[in-house]
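Comments concern the structure below.
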Amino acid sequence: MWSFSTLKAEELSPEDVTFFESKIRPVLVKHCYECHSADSEELGGGLRLDTRDTVMSGGLSGPALVHGKPDESLIIQALRYDGTEMPPEEPLPEAIINDFVNWVSRNAPDPRKSQEAPIPKQEKTESDLWSLQPIIDHKVPDVKLVDWPRNDIDRFILSRIEAAGFSPVEDASPRFLIRRLYYDLVGLPPKLEQIEEYVSDFESRGQLAVSDLVDELLASPQFGVHWGRHWLDVARYAESNGNDGLSRNPTFPHAWRYRDYVIESFNQDTPYNQFLKEQLAGDLLPTDSPELRDRYLIATGFLALSAKPAKAMNNDFDMDVVADQIDVVGRGLMGISVACARCHDHKFDPIPTRDYYAMAGLFTSSETMWGLAGNEKLTAPPTDLHVLQTAAKVLPPEDFVETVILLESDTGKPKAIPKPKWEIGTPLAMGVRDKKEPADCKININGDSKKLGESVPRGFLSACQIDEAENLSIEAENSGRLQLAEWITHENHPLTSRVMVNRIWQHLFGEGIVRTPDDFGKYGEPPTHPQLLDHMAIRFQKNGWSVKQIIREIVLSRTYQLSSSVDSQLLKGDEENKLLARHNRSRLTAEELRDSILAISGQLDLTPGDGSIIRHRDILVNKAGNLHQPSRHRSVYLCYLRNSPPPELAAFNLPEFTTVTGKRDDSIVPGQALYLYNNLFVIEQAEQLAKVLQDSAKTSEDRVNLTFQKILSRSPTADEKKASLELIEFTQTETQNELKSWSSFCQSLMMTNEFRYID
Amino acid sequence: MTHSRRSMLQTVSCGFGYLALQALCGQPVQAESSDGSLSARIPQLPARAKRVIFLCMSGGPAHMDTFDYKPQTGDKPHPGSVFEFKQYGESGLHISELLPETARHADDLCVINGMHADTTIHAQSFLQLHTGDRLRERPSLGSWITYGLGTENQNLPGFLSFNTSKSSVYSSSFLPSIYNGTPIGVNGESMAQATISNVTSSHLPYSSKEKQLDFVQRMNHQHVLQRPGDQQLESVIESMELGFRMQMSAPDLLDLSSETKATLERYRVGQNSEQIGTCKPSDFGRQCLLARRFAEAGVRFIEVNHGSWDQHKNHRRDLTANCNATDAPVAALLDDLKLRGMLDETLVVWGGEFGRPGITPGDKKDETGHNSRGFTFWMAGAGVKGGYVHGKTDETGARAVEGKVHFRDLHATILNALGLPPNELKYWHAGRDHRLTGPEGGKVVTELFA
């Protein structure tokens, strides 16, 4: 059909241009652009009126106008308040409406350029966002201090330090370095004997001693405990749903299997690309081994851990579950927020709404299995679970009776607990599997699942299309999650490897190269060392996506091994330590603090925790009071209930675990001091240590020495010894209780910054 | 080693009552420029308010059915108020039939009907209301105020957030963390049980705890001396002191057993315990009573929370429930502040992250959405004009048309009332000065004050 809209701007008559510029454009700008332009906060009805093409391509209700036919044009109907009412506040004056009628009658001449027209469907979304550009193997820079670097990481870092006119600080002393390595690799303090042995080894063998220590720590099963915990933060792992918005919080009695899977994966050094494939599509991976089959099914628990809002009265429930899955894949694996596109094209990052629903189709074609949801259907309907073939059947203790019962709202009598479909003790796992009839998802207009737009073929982000990949086309009978996994882990995917090496870097340095680890978008922080980030991403892939290998490379760099002491000039010149000319001092995390206290009191049980205290309990946590039990296992095995965190950890900025947390808050609040003063766990462990001391050292002086050695890995100075004895004596006089006088002293050393910070 | 902090503690640890008394008598405890501590400071400008109680109504209260009366005008039905309004007090202020108790204070209320904000996304607007920024974590209003003024009572935090949600709402962000808000009751935790975690234990007598703290701080001072310039370590030392003092003062203040039955009844403590639609059982009465007690004790900034006012469906039922849950407690708080002569120096602020579009009476709809282009806040106390209405929305309540007040202007006005120059209260971070009112700055709404 012939249409004026194909006319180029320069072909319009001068009168047309004048008419548009004087009568039409000012009105559009003043009254329409707020909701109908590229800059709109929320694009009204999907319609943009800020370019010629978008006026014609229209919004969710179709083109805004029909050339020459004002009465049939939506824009005129809306201005006349006929059906639609625009602008919403009040109708425009009759004269202006007549101008628009006139304009449409003249075939709506519009000189505006179409550069800002929306992206044609199915095509790559162009973007100049740094993180979407291909990963480049940059040339390793030259440095002046040629003898300083130990590896290429050091060259990238040093060249920036030199360019800024600074020099790196001294290397960390071996005593500080071993403590740093222990905490960074296994999350525990070294024992005094281990320190002494290492220090003498370092004196004779230097870096060989370091690399031996690193290899030993990487091989320790405690490595997986520590690094698994980092991943569980990203995976928003928790053992209950969390407040559903109506204060109900059902347990996830089988979530712990995913926790164990993660810990094992880090210990086995499962290649990261394989690790992701298992979590996104484990149910679809081929295997002959029933053990491996179980493992893969458990891995898909990653997609089932959503903190769901209540099902009751919520038409969007299914799409809320999908939103969480898209978010954990988007921000967790790719460092990009896709979530905004649920309702409108992303304002800042190149994520159109179509992409959101292309990805949503992958998950609406999958069945998400969270289990019985505390037997409370108003919170979530019960679902099936994966039944495991090789895991042991574990029965509840013989005398176990469920005490948390729901009451009928009308009679007040206990509701009967429905009999589960599985025999008691059947090993089960949360997860996903393909639906029988996968289907594409329709756009939910403004995120409302009752207002459906067109259907979008299942797919991924159009801003990271990987053209040469062959195995990415989704067949009608599959959900497409396997292809999602292949796409995300493709070597040319610009985000996946960068995001993971950045996470690893952050855990070793306190800050990432990108300091917003879950946001590589426009509003995230740009990388401090973009070339190094690429260099590491390539190294990571070349080494078979081995997490242990990349950690090894980083901690053996000279950069990592720098001291955290800093002179005032460097401090002033680089307050935020963006040059990494020194190491960042860091505070023990909630888990590290608890584990360290248990380690020094001699109470820590390094064997893996078995299952979970809620493994037989499909209940509402909010009805249960305190479910937590004391434990001597490492903190990762505590029960991470949402909205009811383990009390031994809660004071130290534990995240809420409802969403991806790549970086924990480390703010200092008086509640932490109160924890150290008054928490029963701290008091009890201090007492335990005091008892050990009573048995192992005779004189008070020896005991003070031993306490310093156990907690601070050093002997006290003369002043400190004197002050310690004074404190002990004072408490003895006040309480007339020898154990208290010593445990109060032990508690004091556990409170010190020296104990709680790593240099 | 220095003992200055410890000796100061010793002076104040037994002197909580004395300090609070001093504060109540209007004497600043200590005057100095902002030094990264919590010591009370003399404000730079003449101050009308000494403290703020923020009644945070999360979810977006429907302004047209609470304080912004929109009767039908003209022939064509249009969105407006669907509940009845009456005029109250000498001022004849229009207040909804849902708020009869608050209406008793009509002549104290300064209603701002021309509020507007930037977004209708809850989380973003809620963050902007609290921090001035809707996307990034920035220092909260309460943190800026304690940064600027310190606090009157050195035994308590300067900034409390009751029945709160995300930490980003009470975070000090890049300001020193000593200005972080202290949460009491998070994520719908029952307010009757809510306390400051780990605030007491009886394992050691006070004297031993104090000696223990002395020892720890001595170690910490030595430690930081060898690590100069480390703000974190300094902050820990400060927070160890504050934590120690808190355990002496806070438990008594949180314990309502000394309040009379009549008082508990006036505040409706423990009532409204059933969830009705979006209206959650927030025990708002207890929060308001605690707010009064902590205000008396000299806490600088207290936020109490009730929600959710986000009644999309069942507008009439849920709005009624929200009003019922908050009306009497708010009125009791105002009563008590007045009775104690504290209202003159306490700025009470009521409002949420935005308002709601009106319903057209008679069209049978009972649904509303979000509206950030026009909504209502009110203030009381600290010399604001009572029974006064500032600004207005158009006749459908859809947008502010006169006397427009943005969140940054609200922030500027609050800071100014406290004697802090709103656009000069700054903090250097990441290479530039930051302020609560953002790059655009905020305009003090001077018309609100008598």
(request) Kindly list the number of the only condition in (1) surrounded by fewer than 21 Cβ atoms within 10 Å (Cβ to Cβ); (2) within 14 Å of chain A (Cβ to nearest Cβ); (3) assigned to a helix (DSSP H, G or I) that fails for B:E101. (result) (2)
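Residues of region B:250-273 being touching a residue at least 12 places away in the same chain (Cβ under 8 Å), of a type in the set (G, A, S) and surrounded by fewer than 22 Cβ atoms within 10 Å (Cβ to Cβ), which ones? Before you say what the answer is, go through the steps one by one.
At the first step, the residues of region B:250-273 found to be touching a residue at least 12 places away in the same chain (Cβ under 8 Å) are B:250-251, B:253-254, B:256, B:259, B:263-264, B:266-272.
The next check asks that each one be of a type in the set (G, A, S); those that pass are B:250, B:270.
Listed by number, the list holds a single entry, B:G270.
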(request) Tell me which residues, restricted to region A:78-108, are surrounded by fewer than 17 Cβ atoms within 10 Å (Cβ to Cβ) and polar (S, T, N, Q). (result) A:T84, A:N98, A:N102, A:S105
(message) What's the number of the only condition in (1) in contact with a Lys or Arg (Cβ under 7 Å, 6 or more places away or on another chain); (2) at the interface with chain A (Cβ under 7 Å from one of its Cβ atoms) that B:D214 fails to meet?
(response) (2)
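Okay, residues lined up against (1) assigned by TED's automatic domain parsing to the domain that holds A:T364; (2) surrounded by 13 or more Cβ atoms within 10 Å (Cβ to Cβ):
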{"position": "A:A380", "(1), (2)": "yes, yes"}
{"position": "A:Q389", "(1), (2)": "yes, no"}
{"position": "A:T403", "(1), (2)": "no, no"}
{"position": "A:L407", "(1), (2)": "no, no"}
{"position": "A:K415", "(1), (2)": "no, yes"}
{"position": "A:P418", "(1), (2)": "no, no"}
{"position": "A:D434", "(1), (2)": "yes, yes"}
(request) Can you give me the ranges of the helices (runs of 4 or more DSSP H) entirely in region A:640-759 with at least 1 residues that are at the interface with chain B (Cβ under 8 Å from one of its Cβ atoms) and under 20 Å from A:D595 (Cβ atoms)? (result) A:670-678, A:680-696, A:738-751, A:753-756
(message) Restricting to region A:512-568, name every residue that is free of Cβ contacts under 8 Å to residues at least 40 places away in the same chain, farther than 29 Å from A:I326 by Cβ and surrounded by 21 or more Cβ atoms within 10 Å (Cβ to Cβ).
(response) none
(message) Which of the numbered conditions does B:L156 fail, given that it passes all the others? Conditions: (1) more than 8 Å from every other protein chain (Cβ to nearest Cβ); (2) more than 26 Å from B:D252 (Cβ to Cβ); (3) touching a Ser or Thr at 6+ places or on another chain (Cβ under 6 Å).
(response) (2)
(request) Mind listing whichever residues of region A:626-654 are surrounded by fewer than 20 Cβ atoms within 10 Å (Cβ to Cβ) and more than 19 Å from A:T251 (Cβ to Cβ)? (result) A:P630, A:R632, A:H633, A:N653
(message) Just the residues that are in contact (Cβ under 8 Å) with a residue 40 or more places away in the chain, within 14 Å of chain B (Cβ to nearest Cβ) and surrounded by 19 or more Cβ atoms within 10 Å (Cβ to Cβ), please, taken from region A:41-75.
(response) A:L43
(message) Considering only residues that are small (G, A, S), within 11 Å of another protein chain (Cβ to nearest Cβ) and not in a helix (DSSP H, G or I), which ones fall in region B:238-281?
(response) B:G277
(request) Can you run down the residue pairs with Cβ atoms below 7 Å, 6 or more apart or on separate chains, where the first is in region A:317-330 and more than 16 Å from A:Y237 (Cα to Cα) and the partner is aromatic (F, W, Y)? (result) A:V322/A:F363
(message) For the list (1) surrounded by fewer than 24 Cβ atoms within 10 Å (Cβ to Cβ); (2) farther than 24 Å from B:N180 by Cβ; (3) touching a helix residue (DSSP H, G or I) at 6+ places or on another chain (Cβ under 8 Å), I need the number of the one condition that B:G285 fails.
(response) (1)
(request) Go over the candidates B:G80, B:G114 one by one and state the one that is crowded, with 23+ Cβ neighbours inside 10 Å and more than 23 Å from B:A332 (Cα to Cα). (result) B:G114
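Every residue, every condition in (1) outside any loop (DSSP other than H, G, I, E, B); (2) buried (at least 18 other Cβ atoms within 10 Å of the Cβ); (3) small (G, A, S), yes or no:
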residue	(1), (2), (3)
B:G362	no, no, yes
B:R373	no, yes, no
B:M379	yes, yes, no
B:T396	no, yes, no
B:D409	yes, yes, no
B:W428	yes, no, no
B:E447	yes, no, no
(request) Would you confirm whether any residue within region A:363-371 is within 16 Å of A:P253 (Cβ to Cβ) and out of contact with any strand residue (DSSP E or B) (no Cβ under 9 Å at 6 or more places or on another chain)? (result) no
(request) Could you tell me which numbered condition B:I178 fails, if it satisfies all but one of (1) within 9 Å of chain A (Cβ to nearest Cβ); (2) part of a helix (DSSP H, G or I); (3) over 18 Å from A:F652 (Cα atoms)? (result) (3)
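Sort out which residues of region B:419-450 are within 14 Å of chain A (Cβ to nearest Cβ) and not basic (K, R), and write them in order of number.
Residues of region B:419-450 within 14 Å of chain A (Cβ to nearest Cβ): B:427-432.
Selection gives B:Y427, B:W428, B:H429, B:A430, B:G431.
Any residue that is small (G, A, S), more than 18 Å from B:F162 (Cβ to Cβ), at the interface with another protein chain (Cβ under 8 Å from one of its Cβ atoms) and surrounded by fewer than 20 Cβ atoms within 10 Å (Cβ to Cβ) - is there at least one of those in region B:184-201? Show your work before the answer.
As a first pass, look at region B:184-201 and keep what is small (G, A, S): B:185, B:188, B:190, B:192, B:194, B:197, B:201.
The next check asks that each one be more than 18 Å from B:F162 (Cβ to Cβ); those that pass are B:201.
Among the residues that remain, those that are also at the interface with another protein chain (Cβ under 8 Å from one of its Cβ atoms) are: B:201.
Right, trim to surrounded by fewer than 20 Cβ atoms within 10 Å (Cβ to Cβ) and you get B:201.
Yes: region B:184-201 contains one or more residues that are small (G, A, S), more than 18 Å from B:F162 (Cβ to Cβ), at the interface with another protein chain (Cβ under 8 Å from one of its Cβ atoms) and surrounded by fewer than 20 Cβ atoms within 10 Å (Cβ to Cβ).
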(request) Inspect all residues belonging to region A:238-252 and state whether any of them is among the aliphatic types (A, V, I, L, M) and in a helix (DSSP H, G or I). (result) no
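For (1) buried (at least 21 other Cβ atoms within 10 Å of the Cβ); (2) at pLDDT below 95; (3) touching a strand residue (DSSP E or B) at 6+ places or on another chain (Cβ under 8 Å); (4) farther than 26 Å from B:E447 by Cβ, each residue gets a yes or a no:
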site	(1), (2), (3), (4)
B:A106	yes, no, yes, no
B:L109	yes, no, yes, no
B:F126	yes, yes, no, yes
B:R136	no, yes, no, yes
B:S143	yes, no, yes, yes
B:P157	yes, yes, yes, yes
B:L160	yes, no, yes, yes
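Among A:N243, A:N314, which is the only one that is in the same structural domain as A:Q483 (by TED's automatic domain parsing) and within 29 Å of B:D310 (Cβ to Cβ)? Quick ask: steps written out before the conclusion?
Working: A:N243 fails: in the same structural domain as A:Q483 (by TED's automatic domain parsing).
Of A:N243, A:N314, the one residue that is in the same structural domain as A:Q483 (by TED's automatic domain parsing) and within 29 Å of B:D310 (Cβ to Cβ) is A:N314.
Within 27 Å of the chain's Cα centre (by Cα), of a type in the set (S, T, Y) and under 21 Å from A:Q279 (Cα atoms), is that true of A:S449?
Numbers: within 27 Å of the chain's Cα centre (by Cα): yes; of a type in the set (S, T, Y): yes; under 21 Å from A:Q279 (Cα atoms): no.
When the stated conditions are applied, A:S449 does not pass them.
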(request) Could you list, in sequence order, all residues of region A:191-224 that are among the aromatic types (F, W, Y) and farther than 30 Å from A:Y258 by Cβ? (result) A:Y198, A:F202
(request) Please state which of the following conditions A:G521 fails to meet, knowing it meets all the rest: (1) more than 14 Å from chain B (Cβ to nearest Cβ); (2) out of contact with any strand residue (DSSP E or B) (no Cβ under 6 Å at 6 or more places or on another chain); (3) within 30 Å of A:A163 (Cβ to Cβ). (result) (1)
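Just name the residue that is nearest to the other protein chains (Cβ to nearest Cβ) out of those in region A:553-576 that are at pLDDT 95 or above and in a loop (DSSP other than H, G, I, E, B).
Going through region A:553-576, the residues at pLDDT 95 or above turn out to be A:553-564.
When the remaining residues are screened for being in a loop (DSSP other than H, G, I, E, B), the result is A:556-561, A:563-564.
Details: A:L556: 25, A:S557: 23, A:R558: 21, A:T559: 20, A:Y560: 19, A:Q561: 18, A:S563: 11, A:S564: 8 Å.
Checking each candidate, the answer is A:S564.
Please go through region B:49-96 and give me each residue that is of a type in the set (S, T, N, Q) and either assigned to a strand (DSSP E or B) or free of Cβ contacts under 8 Å to residues at least 12 places away in the same chain (or both), ordered by number.
From region B:49-96, those of a type in the set (S, T, N, Q) are B:58, B:66, B:72-73, B:81, B:87, B:91, B:96; that's our starting set.
Hits for region B:49-96 are B:Q87, B:S96.
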(message) I'd like to know if region B:225-237 contains one or more residues that are among the charged types (D, E, K, R) and more than 10 Å from chain A (Cβ to nearest Cβ).
(response) no
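The values are calculated or read from the model by the stated rules, or taken from the named source; none is laboratory data. Quantities reported herein were computed from a predicted structural model and do not represent experimental measurements. Methodologically, a virtual Cβ is constructed for each residue, glycine included, from the backbone with ideal geometry; neighbour enumeration extends over all protein chains shown.
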